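The values are calculated or read from the model by the stated rules, or taken from the named source; none is laboratory data. Nothing here was measured: the structure is a model prediction, and the numbers come from that model. Cβ: placed from backbone, ideal geometry, glycine included. Neighbour counts: every protein chain shown. With ligands, DNA and RNA removed, areas are computed over all heavy atoms of the protein, side chains included. Shrake-Rupley method; radii C 1.70, N 1.55, O 1.52, S 1.80 Å.
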Amino acid sequence: MVGTKILIADDDHDIVGLIAESLEDEGFQTVAAYNGLEALEKATDPSLSLILLDIMMPGMDGLEVCRKIRNVVSIPILFLTAKDRELDRIIGLEIGADDYISKPFSVNELIARIKAHLRRENRHIAGNRLMTISNLTINKDTFEVFKNGEKVELSTKEFQILVYLAENRNRVLSREQIYNAIWGEAFYGDINTVTAHIKNLRAKIDKENELIKTVWGMGYKFIEVQA
């Protein structure tokens, strides 16, 4: 991970400095933004591998920044914020964030989470390179999804969840199973992120509610629709 570049967006210069110094000690490169507009400008840099995004920033809040970039930026976005209400976490996850870390935070835990997201981002997805299921084509080498021949933009986590569901189609998978498969059993986060990402997936690839079924009290099942 040496040389990996991370954007740190926070209006608190001390926090940015602390995180940047800690990450650079680990061999990462960092770039800073101190308000929402600056973060929006820098977030689309193709050399970035991960974004740390505070919610409460002047100019434009982190939620709006995330909304504006999520369809064009597939790298992990981690919210780092003092807002600790469950509603704020759910909103952040629903608009495309991959994780939510509350202040005050442990620098060691923050770095561990960043490394975990980067490992999963870089992990090669084993199995067949091309999957065609119902009206979807999933290319696991290029991380592309096509519905009825038209490309659908998914975040990294949305893509990974879709692949996991598709590879286990017609099986009921609990939120815990999905969470452990995508984030890892040792990863301590909010399991509601599964629900948020499933909602996003449905909006993008299954507006007809035919492919991803909710099995109440149990989890989700991916159905292969016969033509």
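Some points to look at:
- Within the option set Arg169, Arg175, being surrounded by fewer than 17 Cβ atoms within 10 Å (Cβ to Cβ), over 30 Å from Ile101 (Cβ atoms) and either of a type in the set (D, E, K, R) or touching a residue at least 60 places away in the same chain (Cβ under 8 Å) (or both) holds for one residue only, Arg169.
- Looking across Gly17, Gly27, one residue alone is under 18 Å from Asn108 (Cα atoms) and assigned to a loop (DSSP other than H, G, I, E, B). It is Gly27.
- Filter pass, Phe159 being surrounded by 15 or more Cβ atoms within 10 Å (Cβ to Cβ), within 23 Å of Leu50 (Cβ to Cβ) and among the aromatic types (Phe, Trp, Tyr): yes
- Every pair of residues 6+ apart whose Cβ atoms lie under 9 Å, when the first sits in region 200-218 and is in contact (Cβ under 8 Å) with a residue 60 or more places away in the chain while the second is open to solvent by less than 80 Å² (accessible area, probe 1.4 Å) and of a type in the set (Phe, Trp, Tyr): Leu211/Phe222
- Within region 35-63, being surrounded by 14 or more Cβ atoms within 10 Å (Cβ to Cβ), in a loop (DSSP other than H, G, I, E, B) and among the polar types (S, T, N, Q) holds for one residue alone: Asn35.
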